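The values are calculated or read from the model by the stated rules, or taken from the named source; none is laboratory data. Treat the numbers as computed from the prediction; the structure is a model and nothing was measured. Virtual Cβ from ideal backbone geometry, glycine too; neighbours counted across all protein chains shown. Ligands, DNA and RNA are excluded from the accessible area calculation, which covers all protein heavy atoms including side chains. Shrake-Rupley method; radii C 1.70, N 1.55, O 1.52, S 1.80 Å.
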Amino acid sequence: MKTYPLESMTMEQAKKLQFKLIDTITKHFNGKDILTLGDLGVVMGINKPATTLKVEQTLADFFGVEKAVLLRGAGTGALRWGIVSMVKPGDTMLVHDAPIYPTTKVTLDSMGIKIVKANFNKEDEIKQILTRENIDAVLIQYTRQKINDQYDMEHVIKVIHDVRKDIQIITDDNYAVMKVRKTGAECGAQLSAFSLFKLLGPEGIGCLIGKGSYVDNVIKLNYSGGSQVQGHEAMDALRGLVYAPVQLAIQAEVNEELAMRFNNGEVKGVKNAFIANAQSKVLLIELETNTAKKVLVEAEKLGAAPNPVGAESKYEFVPMVYRVSGTFRAADPTLEERMIRINPMRSGADTIIRIVREAIERAR
């Protein structure tokens, strides 16, 4: 089995990204404002807390896009509003030929969006379908939906725009932002959506960045006071984002060490270990026997988290040992019996090796 994980930033690159964000913040906030929790309510003239607007302007500047907006509903909500701003009910959207992320499918189904699929790993197939079909917009998920996915976000966007310069693209950047060097919007998409809860921010806050006209449309559709992200939430999201790139780079380093140690036979009962984006960048361990479910039960008893909170949220610091993702299970249902997924979170490799070794021994 071969996987094609996204290339993570190095520690040096992650530090530079952190420094860039701090530099951008100082260009938008004075020192006193940075040390406050922000304001509340809908300020006349901007219809949202002034602090929230300032954070949005900071993020737009940082990501190099026309506009950014903070939204409720985390990554799902941001992607949903992005799709609503880009297509009309009944329009046709091109997606990758793979299981669609479940919460995204809810949005597409509820809008009656017609789905056309192309294998984004195959450039010729993308071109043929864009030429043959009447496509209104394209949705590209940054992270992998199938184990053998290997497409490059920037290249896929270029291929699409080479055929149809007018076509609008929205990217699902969940589990990719602050891990890879560019967002989908920085790669040429009109919009990118992601969760700030997954980036050490507050619960339920998402972000949509990209073309100003689409973002403005989303802002108009979220005019009510109850839809606004409050100032303290915006500041919490910004603070979390500052620490995310370095933490995620450490996490990537631990994944690399674990893959090497498992594949060197350090733990009896492990057949292979792979780094993959499923959905977050994790370690997939293939066991020698179909005991994955038993191993997961034992790992939880040994201190591993059995399920996500926000999948890389501020609450998740112990290693998470759980079943393979829903999209991967849909692609190959047999994986659930012989494979487990590990996200190191803030843990070191030694802790994970110990937990997995003891869990396998107990499962026997």
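Given (1) open to solvent by 10 Å² or more (accessible area, probe 1.4 Å); (2) on the phi < 0 side of the Ramachandran plot; (3) in contact (Cβ under 8 Å) with a residue 40 or more places away in the chain, where does residue 241 come up short, assuming only one miss?
Going through the list (1) open to solvent by 10 Å² or more (accessible area, probe 1.4 Å); (2) on the phi < 0 side of the Ramachandran plot; (3) in contact (Cβ under 8 Å) with a residue 40 or more places away in the chain, residue 241 breaks only (1).
Have a look at 344, 319, 308 and point out the one that is open to solvent by 50 Å² or more (accessible area, probe 1.4 Å) and touching a strand residue (DSSP E or B) at 6+ places or on another chain (Cβ under 9 Å).
Criteria check complete, one pass: 308.
If I ask for residues that are open to solvent by 10 Å² or more (accessible area, probe 1.4 Å) and within 22 Å of residue 143 (Cα to Cα), which ones from the stretch 280-305 would you list?
281, 286
Please find, within the stretch 92-151, the residue that is most open to solvent (accessible area, probe 1.4 Å) out of those that are polar (S, T, N, Q) and in contact with an Asp or Glu (Cβ under 7 Å, 6 or more places away or on another chain).
121
Note down all Cβ pairs under 6 Å where the first residue falls in the stretch 61-74 and is assigned to a loop (DSSP other than H, G, I, E, B), the second is surrounded by fewer than 16 Cβ atoms within 10 Å (Cβ to Cβ), and they're at least six residues apart or on different chains.
66/212
Can you tell me which of 45, 64, 31, 41 is under 19 Å from residue 194 (Cα atoms) and surrounded by fewer than 16 Cβ atoms within 10 Å (Cβ to Cβ)?
Selected residue: 64, the only one of 45, 64, 31, 41 that is under 19 Å from residue 194 (Cα atoms) and surrounded by fewer than 16 Cβ atoms within 10 Å (Cβ to Cβ).
Filter the stretch 86-130 down to the residues that are of a type in the set (A, V, I, L, M, F, W, C) and more than 24 Å from residue 194 (Cβ to Cβ) and list them by number.
Scanning the stretch 86-130 gives 116, 129, 130.
Taking the stated definitions as given, is residue 90 under 29 Å from residue 230 (Cα atoms), at pLDDT 95 or above and out of contact with any helix residue (DSSP H, G or I) (no Cβ under 9 Å at 6 or more places or on another chain)?
No.
Identify all residues within the stretch 35-51 that are of a type in the set (S, T, N, Q) and within 22 Å of residue 210 (Cα to Cα); write none if there are none.
Residues satisfying the conditions are 47, 51.
Among the candidates 54, 16, 32, 27, single out the residue that is basic (Lys, Arg) and within 24 Å of residue 214 (Cα to Cα).
The conditions single out 54.
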